[in-house]
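The values are calculated or read from the model by the stated rules, or taken from the named source; none is laboratory data. The structure displayed is predicted, hence computed values, not measured ones. Methodologically, a virtual Cβ is constructed for each residue, glycine included, from the backbone with ideal geometry; neighbour enumeration extends over all protein chains shown. SASA here: full protein model, heavy atoms, side chains in, ligands and nucleic acids out. Shrake-Rupley method; radii C 1.70, N 1.55, O 1.52, S 1.80 Å.
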Amino acid sequence: MKVNEEEKKLLSEAIDKMNEGLDAFIGFYNDSEEDKALIEFSEETIEIIEHAIDTYGKEEVTTKINTIIREVLSFLPNKKG
């Protein structure tokens, strides 16, 4: 393919931008972690949570669930000794 100086410059700039984009994708990939659920909710529990979110909003339900779980798990015995 024959190109003039201006086309060559534009191609070079396009390649540089593609490399920058590729470097960004490689960085995201290298920094990524597998998303694993800590616990699996039953379908019934999921439906109840979804209904609560529709009624009270996601932030409110998230705060309440986190508070309840912290409180329940605070009664577990400490196995560290």
request  = Would you calculate a helix-derived [θ] at 222 nm for the chain, using -39,500 (n - 2.57) for each DSSP H run of n ≥ 4 and dividing by the full residue count, to the nearest 500?
outcome  = -24000 deg cm²/dmol
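What range in the chain is the longest one free of trypsin sites (Lys or Arg not before Pro) that are in a loop by DSSP and have at most 11 other Cβ atoms within 10 angstrom?
Values: sites that count: LYS2, LYS36, LYS79, LYS80.
Within the chain, the longest run free of exposed trypsin sites (Lys or Arg not before Pro) spans 37-78.
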request  = With Rg/Rh (Cα atoms, Kirkwood Rh) defined as stated, name the option among (1) 1.28; (2) 1.39; (3) 1.04 computed from the structure displayed.
outcome  = (2)
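Tally up the carbon and sulfur contribution to the accessible surface of the chain as a whole percent, 1.4 Å probe, everything protein left in place. Walk me through the intermediate numbers first.
Values: 4770 of 8340 Å².
Ligands and nucleic acids excluded, carbon and sulfur reach 57 percent.
Of the chymotrypsin sites (Phe, Trp or Tyr not before Pro) in the chain, which ones lie in a loop per DSSP and count no more than 14 other C-beta atoms within 10 Å? Each step should come with its number before you reach the end.
Working: sites: PHE25, PHE28, TYR29, PHE41, TYR56, PHE75; in loops: PHE41, PHE75.
Loop-located and lightly packed - PHE41, PHE75.
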ask   = Along the positive direction of the dipole of the chain (beta-carbon charges: Lys, Arg +1; Asp, Glu -1; about the Cα centre), which of LEU73, THR63, LEU38 reaches farthest?
value = LEU73
task = About the Cα centre of the chain, how large is the charge dipole given +1 on each Lys and Arg Cβ and -1 on each Asp and Glu Cβ? Please answer in debye to the nearest 20.
result = 440
inquiry  = Cross-link candidates for LYS9: which lysines have Cα within less than 24 Å, leaving aside residues fewer than 8 places away along the same chain?
reply    = LYS17
query = Per residue, how much accessible area does the chain show when a 1.4 Å probe rolls over the protein heavy atoms, in square angstrom?
reply = 103
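Which GluC sites (Glu not before Pro) from segment 1-64 combine a DSSP loop assignment with at most 16 other Cβ atoms within 10 Å?
On the way: sites: GLU5, GLU6, GLU7, GLU13, GLU20, GLU33, GLU34, GLU40, GLU43, GLU44, GLU47, GLU50, GLU59, GLU60; in loops: GLU33, GLU34, GLU40.
For GluC sites (Glu not before Pro) across segment 1-64 that sit outside H, G, I, E and B with at most 16 neighbouring Cβ atoms in 10 Å, the list reads GLU33, GLU34, GLU40.
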